[in-house]
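The values are calculated or read from the model by the stated rules, or taken from the named source; none is laboratory data. Every value quoted in this text rests on a predicted model; they were computed, and no experiment measured them. Here the Cβ positions follow ideal geometry from the backbone for every residue, glycine too, while neighbour counts run over all protein chains shown.
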Amino acid sequence: MDERHSAHGLTPWHGTTIIGVKRGDKTVVAGDGQVSMGNTVMKPNAKKVRRIGKDGTVVAGFAGATADAFTLFERLEKKLEQYNGQLMRAAVELAKDWRTDKYLRNLEALMIVADKDVLLVLTGNGDVLEPEGGIAAIGSGGNYALAAARALSDYETDAEKIARRAMAVAAEVCVFTNDQITLETV
């Protein structure tokens, strides 16, 4: 087993930071752009956060293997179609498949997904987690971003400002995170 993570990615991934912040009727998902292989930065401007679904009303960010994440994005899009855009239902069904399907079970990624109603973290263990306080973060810099966002949320109400500042803190502390931010709002 790779030293970076346990069987289903429950310890941080090296190479990215993704944060989701929900405040009122606004939800932001942001991610850095750094792709690392060992101690080498391979690409500084990867896009790890994107809109998915037929109408683009769902935003998703990933930490982990890129090919695996794209497979999961595609599967989630199919579930969204199947369940008429209901993100919670689609996420639960994807998580079931991810945990039980022989092929999907081996995918190494974590996801943060959001629409206008819900912010969720999806894992290969079959977890669909709605974070406490409307803030979630994943990846190697996730804990730094999460701590910064929680501290900021006592003083700041704007989801985008919280996400941007939390990502800046993570980029300053985590060597696998940079300041090339992709941010999407729903």
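Quick notes
- Residues in region 33-73 that are within 24 Å of Gly126 (Cα to Cα) and in a loop (DSSP other than H, G, I, E, B): Lys48, Gly53, Thr57, Ala65.
- Taken over region 89-137, the criterion of being part of a helix (DSSP H, G or I), within 24 Å of Arg150 (Cα to Cα) and not charged (D, E, K, R) is satisfied by Gly133, Gly134.
- Residues located in region 159-184, provided they are in contact with a Phe, Trp or Tyr (Cβ under 9 Å, 6 or more places away or on another chain), touching a residue at least 60 places away in the same chain (Cβ under 8 Å) and either surrounded by fewer than 18 Cβ atoms within 10 Å (Cβ to Cβ) or not hydrophobic (A, V, I, L, M, F, W, C) (or both): Thr177
- Condition met for Leu76 (under 19 Å from Gly124 (Cβ atoms), touching a Lys or Arg at 6+ places or on another chain (Cβ under 9 Å), at pLDDT 90 or above and not β-branched (Val, Ile, Thr)): no
- Set side by side, the residues Met42, Met37 differ, and just one is in contact with a Ser or Thr (Cβ under 7 Å, 6 or more places away or on another chain), of a type outside the set (Gly, Ala, Ser), free of Cβ contacts under 8 Å to residues at least 24 places away in the same chain and within 21 Å of Gly15 (Cα to Cα), which is Met42.
- Pick from region 25-45, criterion modelled with pLDDT of 90 or more and among the small types (Gly, Ala, Ser), ranking: farthest from Gly134 (Cα to Cα): Gly33
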